[in-house]
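Quick note: the coordinates plus some simple rules give every number you see, no bench work behind them. All of these numbers come straight from a predicted model, not from anything done at the bench.
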Amino acid sequence: GTITDANRGTITWKYDAGTLTFTGETVSSTTPNQNPEIEIPKDVITEIVNAQTTSGSAITWKKDDVIKLEIEGTVTSIGANAFDGCTKLETVTISGDVTTIGKKAFIDCKNLETVKFNSSLEEIGVQAFANCEKLTNVELPDTLKTIGDQAFFRCYKLKKIEIPASLTTIGRGVFVGAADCLDKDENGEIAIIKGKEAEAHKSNMKNVTPPTSDSVLAIDANGLVFNKDKTILYCA
């Protein structure tokens, strides 16, 4: 079936045995600028159900039936709360033209394990993957510029992540609660990361690989943020 986004763009959806696929409308070669933005709307699965019911062709699946999600084509963004609480969702593949993942887009997807980015993603919104307790596999694309506050909050099994050099802004508490085992140096301090213009905040990551060695900072027991040699105070 199809649904319409806020910009009157057409989004095609297909559901097949647990896999839900979204594809943006095809851009016309004669009018390539007619379709600049296509955003998957808030609570999109509810919208699909309501639209189909209104049209007299009710669907036989529901939100909790989705196990695998694929987003492709000319979709450019995923709206806030688009897939929050999809409790059986295990795998998400984001391809095509997607550049933005909205606030709380995948919050409380308790069984989500793997997220694959095959697009030119630039921004992950506030709490986009918060409370995804089984999330273990995330490879951030080298186009990513911004990670919002608490984007991976309470992702308890996410113990290692590569930070791309393209990242310029990282929000507060992005990885807090992301691991129950902490790697500490000989002084008992937790290693954290700092983007090019980012503020650094306490992280419970077991292993964070920053883009350059100069980006490594440390936090003491009082929550004060220092450079690695503890000669400069960055944040109280």
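Overview of values
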{"quantity": "Exceeding the 31 Å Cα-Cα cut-off - candidates 14/134; 103/230; 68/157", "calculated": "103/230"}
{"quantity": "Cα gyration tensor category, rounded, prolate or oblate, for the stretch 1-152 with a/c compared to 1.5", "calculated": "oblate"}
